[in-house]
Structure formats: C-alpha cells, structure tokens
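Novice: Mind looking over this structure? Questions follow.
Laboratory data are not the source of any read-out in this text; all were calculated from the coordinates shown. Just so you know, these numbers come straight off a predicted model, no measurement behind them. Cβ placement follows ideal geometry from the backbone for every residue including glycine, while neighbour counts extend to all protein chains displayed.
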Amino acid sequence: MTQRQIIQVFEDYQKSRMQFVQTVADLAARPQNVDILQNAGVMCMLRPLMLDVAPSIQHTAALALGRLADHSDHLARAVVEEDILPHLVHSLATKNRFYKRAAAFVLRMVSKHSPELSQAVVGCGGVDALVSCLDEFDPGVKEAAVWALGCIARHNASLGQSVVDAGAVPLLVLCLLEPEMTLKRLAASTLSDIAMHTPELAQIVVDNGAIAHLAQMIHNPDTKLKRQVFSALSQISKHSESLAEMVIEAEVFPAALACLTDPDEYVKKNVVTLMREVVKHTPELSEMIVKCGGIGVVIDYLGNCNGNMRLPGIMMLGYVAAHSENLAMVVILSKGVPQLALCLSEEPQPHIKAATAWSIGQIGHHTPEHAKAVATSELLPKLMELYLDTSSSEDLQAKSKKALKSILQKCTYLPSLEPLLYDVPSKMLTHVVCQFSKVLPHDSKARRLFVTSGGLKKLQEIEAVPGSALQEHINTINSCFPEEIVSYYSPNYSEVLLERLDNFQPA
C-alpha cells in the first residue's frame, strides 16, 4: 500500500467523523429528532468527538451537544451525567474562538433549565472559565460567555453570588461600552439577572458604575437594548430607597418617560415597572415621579394596553396613592379611578383583578372625599361582587374584601352605599350601616332621601343579633326618625294594624 493510500484512509476517517457530527448537529436542531438521537446513544458518541484532533469536529460536536441540551432538562442532565462539562470548561481556556463560542453555548443550554444544573456548571469551574472569556478580543466569544453567565445568575441569589465572586461584574460593565449592540444588550441583561436577587448583589452592580452607563443608554435607538436597560434599572431600584435614589440621581427621569411613546410594548412595560419600583419606597420618591408627569402618562399607558402589560401600571398607581392623601388625590384628579375601573371590568385574570382591587383600596381609604371618588365610579358593588364570588381566587377575595372595608370606613356618600344594604354578609353590612349611622343624625336631606329611596324600609328588614354592633347602628339610625315612620316601614306593620283593627271597639 502506498503512502498516498495510507494517508487517504486517515482522510476518509476524518471526513466520515466530520460528516457524522455535522449531520447530528443538523438533526439536533429539530425537536422531532431528539428522542431518536438520544435512544441511539448520541451523547456517548459525541463525547470523544469533543476531544478530536480536528478543531472543526470539536466545534461541531459542541454545537450538537448544545442543541440537544436546549431541548429539555432531561437532555441537559445527560450532558452532565456523561461528564462532558469538565472537558468544555478546560477547553474554554485553550481552544480557538469558534470552539469557545460553542462551549459557552453548551454551558448556557445546560444552565438555563434549573438551579441544580447551573450549580453543576459552577461546580466544575464553569463560571471562572466563562469570566475569563470576557477578556477575549473576539466579541462573539464575549457574547456567548455573557449570555451563559446570565443564565446561571438568574436562578437564585447563591448562583448570582457565584458569578459576582468570579469577578464578572466589572467586566460586564465594560461590555456595556463595547461597540457591538448584541454584547451591550446581553451585558445589561446579565447585570439585571445579578441585581434582581438581593440588595447586596444590586449594590455590587451599582458600585461598579453600572447605573451611569445604563442611564446613558436610555437615548439609544435600539429597542432591545432599551428593554434590558430599563429592566436592569428596575431590578436595582426595587431593593431599597437608597438604590432607587441613585437611579434618580443619574437623571433617568424625566428622560425615561419619553420612552412611553416607544412602539415596543416591552420597552413601555419596563419603563412603567421602573417607575413602580421607585415610587413604592417613599412619598418623596413618588412626588419626584409625579412632578415629572408620571401619573398622567401611566394612566394613558393603561388605556392602551391589556393583560399583564397593565400590571406594573396598576400597581404603580396604588403605591403612589398609598403614601399620602395628597398623592392619592393626584391619582384621582388625573382620572386614575375610572381607568382602574376599566381594568377591573376588562381583565379576566385573577391576579390582575387582585392588584387592581388593592390599588383602588389605596386610593379610597384616606378620607371621605377619596372614598367618594371611588364610590361614584360604581366600584363598591364590583368589589363586593368579586369578594362574594366563589370562583374568585383567595387572593382576589382577600384584596377585594380589604379594599372594600377600608373604603367603607371612610365613605359618607350615601347614594353609593345604599345598594350595599342588599344581599351582603353581616360583617360587611355592619360597616355599611355604621356609615349611615354617622351621617343620618346630622343631615336632614339625607334622612328624607333614605326614606323615599326605600333604605329605611330595607333597614327594618335586616335581622341583626340583639346587642351586636350591627343592631346598635340600626338603633342609632332608627332614633333619627319619628317612631311612627319607623313602625310604618317595619316588616310586621300591617299585622300590627290588623290586630289593632280587630281590637278596635267603635264608640
């Protein structure tokens, strides 16, 4: 056999390996092929190809593994069980840039499924290896590493801390300054994933100068970048007053409000989410957002979206209103109550209804004037309906009850209270009747209207336990009227008249 024939044997072998691994990589991209590949033992076959002498085969084998791991937790676990991760981690420090991208891709696909699988990546030194890739010249390698680090960090605080401890944060902040847009987006996203868990992790992100760079990117025309920027600022702001103040000091507002005209719905949602996270801390922070015109634009936002997109805006109004009478009145004067009423009637999802009920309660619980604004929007019967509806979730029932109770305790606008005298639980009825007992003794017009509208008649039909708070309130109201009028509207009045007729002796 000639030298050429011998060399041809090796060339054919390499060609066959390349053809095999490329075909597997192509097949792995289609979900319908995955089970067949797994049953054929593809993991065991790919493992030695990760150590092949040909770099192109190594790279394609890693790509195939990443695609397989992407499909399910089970397949990602198989990558771990086949002891492939240590080879990938070792290769990140030695191989060419194409292989590094593929190796980081596999680590990302494994990590994304669960904290346990992410911990397996951490345990084999994956985080340190990925962080070392952030010093690479090639932006594609950096992007792959940043994305993988984000998938690890997002699961929980412990994994986020692992990424921080490996020294990732300063390098991630530097990635924000790189010219490649994809790298900027991924860096902002990963910083968000780190900051979301604890005040301490968020503080580390802040201490490395992230806020200033993120704030500058608000004006960037790239939609996907703005989504991630506002997400990161939200995750930083949510933890404490001091962190929210740092975001404010970076002059994020009022520039952020202009992004509520952005055509992308997620940019707008993330802006409103940032506002929610800022205003929830203190009245002073809420007032800053109010002075920027934040209330009006959020109410407009609620009128132009639906579903979960509405949730941060609904809660933002509730947080603002909760702080003080004046801030709640700003929400009322900005037409926030009718918009919340629309959300309550239009949204089918219980958690959105529950958030809306909570916000309505925060607006209406301050003074009789606030309660009247809620009551005149016909929200009291709606809240009562949601509270009594057995199909409502426990959270929705609880929040509707609490909102209703807090508003009733302040409401003195009797026309809105009168419908609640009918078919309501005795505990809630006690609060309703209590409000009548506060107003009627001092308002002659209200007493007359209470009689002519049928309210006094309904009051006499209520069966209250003697000595109860409800009975005491009824007695207080009855004492405001002449005895004969109370008797006239009592349920047994006709029987009393007939008995008197039977006993009557003409002169």
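Novice: Go ahead and run the numbers for FRET between Lys445 and Glu385, Cβ-Cβ distance against an R0 of 30 Å, rounding to 0.05.
Specialist: Working from the Cβ atoms, E equals 0.50.
Novice: If you put +1 on each Lys and Arg Cβ and -1 on each Asp and Glu Cβ, how big is the dipole of the chain around its Cα centre, in Debye rounded to 20?
Specialist: 620 debye
Novice: Now, a different point. Given Cβ point charges of +1 (Lys, Arg) and -1 (Asp, Glu) and nothing else, what value in debye, to the nearest 20, does the dipole of the stretch 107-199 about its Cα centre take?
Specialist: Result for the stretch 107-199 is approximately 300 debye, rounded to the nearest 20.
Novice: While we're looking at this one, here's another question. Taking all pairs of different Cα atoms in the stretch 212-259, averaging 1/r and flipping that mean, what Kirkwood radius in angstroms comes out?
Specialist: 10.8 Å
Novice: D for the stretch 185-269, whole µm²/s, Stokes-Einstein with Kirkwood Rh over alpha-carbon pairs at 25 °C and 0.890 mPa s: what number?
Specialist: In µm²/s, the coefficient rounds to 195.
Novice: Rg and Dmax in Å for the stretch 304-406, alpha carbons only: what are they?
Specialist: Radius of gyration, then largest Cα-Cα span, for the stretch 304-406: 12.2, 36 Å.
Novice: Sticking with this one: Restricting attention to the alpha-carbon atoms of the stretch 342-453, what are Rg (one decimal) and Dmax (integer), both in Å?
Specialist: 14.0, 44
Novice: Answer with one residue from Gln435, Val374, Ser392: the one whose Cα lies farthest towards the positive end of the charge dipole of the stretch 364-452, charges on Cβ with Lys, Arg +1 and Asp, Glu -1.
Specialist: Final value for the positive-end residue is Gln435.
Novice: Please compute the net charge surrounding Ala168, taking Lys and Arg as +1 and Asp and Glu as -1 over other residues with Cβ under 12 Å from its Cβ.
Specialist: It works out to a net charge of -3.
Novice: Counting C-alpha atoms alone, how compact is the stretch 1-155: give Rg to one decimal and Dmax as a whole number, in angstrom.
Specialist: Using the Cα atoms of the stretch 1-155, the pair Rg, Dmax is 16.0, 59 Å.
Novice: If you line up the Cα atoms of the stretch 248-303 on their principal axes, what length do they span on each, largest first, in Å?
Specialist: Reported extents, whole Å, longest axis first: 30, 24, 16.
Novice: So for each of 44-54, 295-305 I average, over its residues, the number of other beta carbons within 10 Å; can you give me the resulting order with the highest mean first?
Specialist: Going by the mean number of other Cβ atoms within 10 Å, highest first, we get 295-305, 44-54.
Novice: Among the lysines, which fall within straight-line cross-link reach of Lys427, defined as a Cα-Cα distance under 27 Å, with same-chain neighbours fewer than 8 residues apart omitted?
Specialist: Lys353, Lys372, Lys382, Lys399, Lys401, Lys402, Lys405, Lys410, Lys438, Lys457, Lys458
Novice: Same structure again: Report the calculated FRET efficiency for Asp35 and Glu251 (r = Cβ-Cβ distance, R0 = 60 Å), to the nearest 0.05.
Specialist: 0.65
Novice: Between Lys15 and Leu174, take the C-beta separation as r, use R0 = 35 Å, and let me know the FRET efficiency to the nearest 0.05.
Specialist: 0.25
Novice: What is the dipole size for the stretch 283-360, taken about its Cα centre, with +1 at each Lys and Arg Cβ and -1 at each Asp and Glu Cβ, in debye to the nearest 20?
Specialist: Using only the charged Cβ atoms, the result is roughly 100 debye.
Novice: Moving on to the next point. Enter the mean projected area of the convex hull around the alpha-carbon atoms of the chain, in nm², rounded to one decimal.
Specialist: Reported value for the Cα convex hull: 33.9 nm².
Novice: What residues qualify as long-range amide H neighbours of Glu82, i.e. H under 5 Å apart, gap of 5 or more or another chain, H built at 1.01 Å from N?
Specialist: Long-range HN contacts for Glu82: none found.
Novice: Can you give the Rg to Rh ratio for the stretch 128-254, taking only C-alpha atoms and Rh from Kirkwood?
Specialist: 0.94
Novice: Just subtract the alpha-carbon distance of Gln22 and Asn326 from 0.36 nm times their residue separation and send over the number in nm, one decimal.
Specialist: Gain on stretching Gln22 to Asn326: 102.8 nm.
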